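Computed from the coordinates by the stated procedures, all read-outs in this text should not be read as laboratory data. All values reported here derive from a predicted model rather than from experimental measurement. All Cβ positions, even for glycine, are placed from backbone atoms using ideal geometry, and neighbour counts span all protein chains on display.
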Amino acid sequence: MIPLEHYLYLSGMLFTLGLCGVMMRRNVILVLMSVEIMLNAANVALVAFNKHLVVAGGTPEPHGQVFVFFTIAVAAAEAAVALVIAMALFRRLDTVNVDDVANLRW
Amino acid sequence: MDIDTTQLLAVFSTEVWLGALALLLILVDLVVGRGRLTGPADMVRMVALAGLAIVLWHTFTLEPNSGATWGTLDTFAIYFKRFFVGTALVTLIVSQPYEQRLEAGRGEFPALVVFTTMGMTLLASVSDFVTLFVGLELVTVTLFMLAAWRAGLPRSIEAGMKFVIVGAIAAAFLVYGTAFVYGTTGSLEFSAVRAAVGAGSIPMALKFGLLLVIVGLSFKIGAVPFHLWIPDVYQGAPTPVTAFLSVGSKAAGVVLMMRLVFSVLGPGAAQWVTILAGLSALTLLMGNLGAISQTDLKRFLGYSGISHAGYLLLAMSVGPGILVGTHGAEARESAASAILFYLVAYLLANTVAFLVIIIVSRTDDDSHMDRINGLAQRKPFLAFALTVSMLSLAGVPPFAGFVAKFMILRAAMADPALLPFVVLALVMVVVSLYYYLCILKRMYFRDPIDEGVLEEPGPAARVLLYAGVLGSIALGVYFNPIVEAANLGAHSLFG
């Protein structure tokens, strides 16, 4: 069986990649995709922890896996709103580049 | 797991009513509205106000109940449920003069506010991480929509976009942290986490998880490290939404943070004091120094809000560090009660400030500070109201803000470990006095630049203005009723 650590390394890598993407990407759509990667990293960790707990004989209940469904549903709602706003942004300002959207400062 | 539906309904009755009300509002708008702007939107607003008033009355009939598995209904939760429903009611009244200027979407506005309130009241009685996440996202996602409400204004869309990105990152931090808490404690319930934290040595992974959760929550209360969105979103969002954000959304973060720090971490919070107090110091510095050079009223109030989050964080770090046993518990309880009082004083002062901003920013929705130049000559009462609000926010006696700051600093003073932070907070009070007084200077000693006609606030908005001013003064002199309610709420948090 694959040990827990491997899953956690994977999820840590995904989370870091997502965070880097958020900070380095300039396209709004790609920033949103990077955030989704961060959320999925959390999901991987949750499922892996749940499996580990079941194998270790801790809790037979799949709380972690059920939580993942909540995360997925909420992330979908969030993505829907985010994309609507991105579309309004494109219609209004003709750009999806976050650097061009900086009228509010200081 | 057995689920007792009756108990569950008893605990979450406020949320059920609010959810039903929000759906009803959408239906009313759909049936009566159909694209027309004036009549139906007012009708939706009337239904919303009446409904919220009934729900507010309902929250005063709630009895503490700890029978359900998925939430708690202690006096602390009830205090906050009343606070949130009251805030929503205030927001809907504040938005009335503003909504007249909207070109579209007036009918949905009350429904979204009610949905947000439902999330906030849900957060007040959270007892596990799943409910926490769902409630928090219900609040955040609806606020994304509200911030980008005026899709015709580039400013509003920009605010919405920035809000969405920062909010989504904070949510990712929160879930990732929750995963580690779950992995180390084997449960998503607060009680299990409290047991694990109280057991002595805390595993590294649990610390890491809790730290990420705290960082994720700092987004909601507007504390460092997730504070940068505040000025931008406050400035760009429609003014009533900013008012809602500044009080309701911040209080929603505060209620979670308090449960986590005071109740879940409990006496085990000793190791977190340094982090919390450090965050509080950074937040105070960022907020106060940022506010000095502002030229936009809403942005200015954003920075002022960041600094207020700093005081609240300071109160949260009272107790477990050096003070132990009953003495520590006492100090923590008075700190928690100070936070509860602080939020009420902040709600009163902020409501008045945003109402005045809505009136002076007129139809072009420009909240530049020049707009209030010479306000005392044009509208003496508005100038007086804003004066009371600014002095209360600054913490000048005899206003409510003074009592609030005094309570927080006195609670923090009881803890010798926090002495340097209390000194910093006092210095920051003086700094804040400077920029709040600058607003008064503009109103009383400068000549008006803006020549436009200021519309009169409607009857409801006028009543709210009077209530805010009188409340800020009254709570500064006769604060016992609210302090007693706050003590009661704070006490149940430690029970």
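Provide the FRET efficiency to the nearest 0.05 for the B:Thr61-B:Tyr478 pair, computing r from the beta carbons and using R0 = 22 Å. E(calc), rounded to 0.05, equals 0.30. Within 10 Å of the Cβ of each residue in A:2-9, the mean number of Cβ atoms contributed by other protein chains is 1. Available extension along the chain between B:Ile292 and B:Asp370 is 26.5 nm, counting 0.36 nm per residue and deducting the alpha carbon span. When the alpha-carbon atoms of chain A are used, the pair Rg, Dmax equals 17.7, 56 angstrom. Using θ = phi - 60° in the Karplus curve 6.51 cos²θ - 1.76 cosθ + 1.60, the 3J(HN,Hα) couplings for region B:451-457 round to 9, x, 7, 8, 6, 6, x Hz; x is entered for Gly and Pro. Each label point was placed 7 Å from the Cα along the Cα-to-Cβ direction; for B:Val453 and B:Ala50 their separation is 3.3 nm.
Think of it as helices only: each DSSP H run of n ≥ 4 in the protein assembly as shown is worth -39500 (n - 2.57), and spread over all residues that comes to -24500 deg cm²/dmol at 222 nm.
In chain B, Cα pairs under 8 Å separated by at least six residues give a relative contact order of 15 percent.
For B:Val396, nonlocal amide neighbours, meaning residues 5 or more places apart or on other chains whose placed amide H falls under 5 Å from its own, are B:Phe402. Between B:Ala205 and B:Ile275, residue separation times 0.36 nm minus the direct Cα-Cα distance comes to 23.5 nm. Between B:Leu24 and B:Asp4, the simple label model (points 7 Å from Cα in the Cβ direction) yields a spacing of 2.9 nm. Site pair A:Leu83 and A:Thr95 shows an inter-label distance of 2.4 nm when each label is modelled 7 Å from Cα along Cα→Cβ.
DSSP loop GluC sites (Glu not before Pro) in region B:396-495 with at most 13 other Cβ atoms within 10 Å of their Cβ, which ones?
For GluC sites (Glu not before Pro) across region B:396-495 that sit outside H, G, I, E and B with at most 13 neighbouring Cβ atoms in 10 Å, the list reads B:Glu451, B:Glu455.
In straight Cα distance, which lysines are under 19 Å from B:Lys250, not counting same-chain residues fewer than 8 positions off? List returned: B:Lys81, B:Lys162, B:Lys220, B:Lys298, B:Lys405. Across region B:152-162, rounded Karplus estimates of 3J(HN,Hα) from the backbone phi angles (6.51 cos²θ - 1.76 cosθ + 1.60, θ = phi - 60°) give x, 9, x, 4, 5, 5, 4, 4, x, 4, 5 Hz, Gly and Pro being marked x. Compared with the rule-of-thumb size 2.2 N^0.38 Å for a compact globular protein, the protein assembly as shown has a Cα radius of gyration ratio of 0.93. Please work out whether chain B counts as rounded, prolate or oblate from its C-alpha gyration tensor, where a ≥ b ≥ c are the square roots of the eigenvalues and a/c under 1.5 means rounded, while otherwise a/b larger than b/c means prolate and anything else oblate? In terms of gyration-tensor shape, oblate. Amide H to amide H, with H built 1.01 Å from N, B:Asp296 comes under 5 Å of B:Met369, counting only residues 5 or more places away or on other chains. Listed by chain and number, the aspartates and glutamates whose C-alpha is less than 17 Å from the C-alpha of A:Lys51, apart from same-chain residues fewer than 8 away, are A:Glu5, A:Glu61.
Considering every residue in A:44-53, what mean count of other chain Cβ atoms within 10 Å of its Cβ is obtained?
Mean shielding by partner chains, rounded to a whole number: 4.
For B:Asp128, the residues 5 or more places off, or on other chains, whose built amide H falls under 5 Å of its own are B:Phe190. In terms of its C-alpha gyration tensor, region B:355-465 has a prolate overall shape, because the principal axis ratio a/c (a ≥ b ≥ c, square roots of the eigenvalues) is not below 1.5 and a/b outweighs b/c. Whole-Hz Karplus values for region B:384-397 come out as 5, 4, 5, 4, 4, 4, 5, 5, 5, 5, 6, x, 9, x Hz, taken residue by residue from phi with 6.51 cos²θ - 1.76 cosθ + 1.60 and θ = phi - 60°; glycine and proline positions read x.
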